[in-house]
1. Pick out the one residue from Phe68, Phe117, Phe134 that is aromatic (Phe, Trp, Tyr), under 23 Å from Leu292 (Cβ atoms) and in contact (Cβ under 8 Å) with a residue 40 or more places away in the chain.
2. Conditions: (1) touching a residue at least 60 places away in the same chain (Cβ under 8 Å); (2) part of a helix (DSSP H, G or I). Gln76 meets all but one. Number of the miss?
3. Quick one: which strands (runs of 3 or more DSSP E) lie wholly within the range 207-283 and hold at least 1 residues that are of a type in the set (A, V, I, L, M)?
4. Taking the conditions exactly as written (farther than 14 Å from Ala154 by Cα and either touching a Leu at 6+ places or on another chain (Cβ under 6 Å) or hydrophobic (A, V, I, L, M, F, W, C) (or both)), does Ala88 satisfy them or not?
5. Provide a single number: the residues in the range 99-119 that are in a strand (DSSP E or B) and either more than 25 Å from Tyr65 (Cβ to Cβ) or in contact with an Asp or Glu (Cβ under 8 Å, 6 or more places away or on another chain) (or both).
6. Could you check Ser185 against (1) under 21 Å from the mean Cα position of the chain (by Cα); (2) surrounded by 15 or more Cβ atoms within 10 Å (Cβ to Cβ); (3) at pLDDT below 95 and say which number it fails?
7. Looking only at residues in the range 120-148 that are part of a strand (DSSP E or B) and among the basic types (Lys, Arg), which one is farthest from Ala70 (Cα to Cα)?
8. When you look at Ser105, is it under 21 Å from Gly226 (Cα atoms) and loosely packed, with under 14 Cβ neighbours inside 10 Å, yes or no?
Amino acid sequence: MKKILVLVSLLIVAAACAAPPTNQPVADTNRNANVATDTSAAAITEADATAKEKAIWDTIKQKDYAAFEAMLADDQMEVASDGVHDKAASVAGVKDFEPSEVNFSEWKFLPIDKDGFLVAYTVAVKGKYKGKDFPPQTVHCSSAWMRRSGKWLAVYHQESPLKKSPPPPPPAKAAPSPATAKAESPAPGPDPIANEKIVWDLFKSKNYDAFAALLAPEFLEVEPDGYYDKAGSVKGVSMFDASKSVLSDFKAANLDATSSLVTYVVKDSGSAPKGERHSTIWVNRGGKWMGLFHQGGTAVEPPPPPSAAKPSASPAK
């Protein structure tokens with residue numbers, strides 16, 4: 001049963017996805033033809049953005065896999081507990097998933113730029129996997145969409161199963177120490193992998209003011225225990241010890257000329273045994289790169305055994 005629950009969680013993630021894995025910095029990523037945008041089109045409304053996300057879930061409920069595939073960008077990135085998947089794997093993964101009831105709540109809408117947006121939400125799902133009922137699942141989801149050649153396509157999706165946060169530890173009484181000057185950190189740039197390393201160096205040096213300066217005013221963070229704005233995120237990172245955190249498995253991609261995505265694994269004493277997957281969207285605002293969005297808390301799990309694995313990648317029928 002435990003393995004079935006893991007598989008079901010992975011398949012729920014496939015409801016929306018985006019952007020191709022690559023270990024190269026975004027500055028060196030080759031952009032294909034579908035990155036072109038319609039510069040004359042207006043930005044999407046929150047109502048239309050929410051409708052697009054619900055529509056992609058409807059294609060799965062209706063088993064219209066061709067329509068599901070058509071709503072994904074060719075360079076999709078699906079961040080799941082068993083890895084980072086491409087478009088073919090996402091299309092294949094939904095074919096054994098039969099949602100019978102899908103209930104959305106706590107919608108958040110975050111424009112990336114005129115040609116991109118992100119929605120975050122909570123979804124409770126009931127249904128079947130490979131013909132058998134699975135226990136109800138509730139997760140925090142996020143999906144990014146970009147306008148490519150005039151068409152809105154899903155480019156990224158991730159989920160974090162709901163989990164209550166532990167009570168904060170009592171404040172420690174420490175002897176006052178002499179004030180020391182904070183070292184100036186490098187400025188973020190177009191490479192989101194380098195940017196993310198800058199952020200974690202700030203965590204380790206406890207330079208939270210410098211961290212706050214790297215975030216856009218409308219910054220949004222999604223975690224298993226809820227949603228956080230900029231102030232909440234800065235407060236949250238000040239309450240954990242990042243000195244032993246190890247980052248690995250970086251993958252990055254351009255979303256468009258002024259936004260990029262990075263996903264990676266974090267291992268430390270407070271995370272899942274095999275680590276957790278984290279993702280961040282960086283945007284260029286007036287020549288300055290800033291963190292716009294972050295999601296963590298996707299526990300790394302081993303892939304299912306061959307006998308229970310997802311179908312091999314193939315075009316949707």
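1. Values: Phe68 fails: under 23 Å from Leu292 (Cβ atoms); Phe134 fails: under 23 Å from Leu292 (Cβ atoms).
When all the criteria are applied, what remains is Phe117.
2. (2)
3. Strands (runs of 3 or more DSSP E) meeting the threshold: 215-223, 246-256, 259-267.
4. So Ala88 does not fit the description; no.
5. Step one: of the range 99-119, the residues in a strand (DSSP E or B) are 99-113, 116-119.
Add one more test, that the residue is either more than 25 Å from Tyr65 (Cβ to Cβ) or in contact with an Asp or Glu (Cβ under 8 Å, 6 or more places away or on another chain) (or both), and what stays is 105-113, 116, 119.
The qualifying residues number 11.
6. Among (1) under 21 Å from the mean Cα position of the chain (by Cα); (2) surrounded by 15 or more Cβ atoms within 10 Å (Cβ to Cβ); (3) at pLDDT below 95, the lone unmet condition for Ser185 is (1).
7. Here the answer is Lys132.
8. So Ser105 passes the test.
The values are calculated or read from the model by the stated rules, or taken from the named source; none is laboratory data. As the structure is a prediction and not an experimental result, all values here were calculated from the model. Note: ideal-geometry Cβ built from the backbone for every residue, glycine included; neighbour counts use all protein chains shown.
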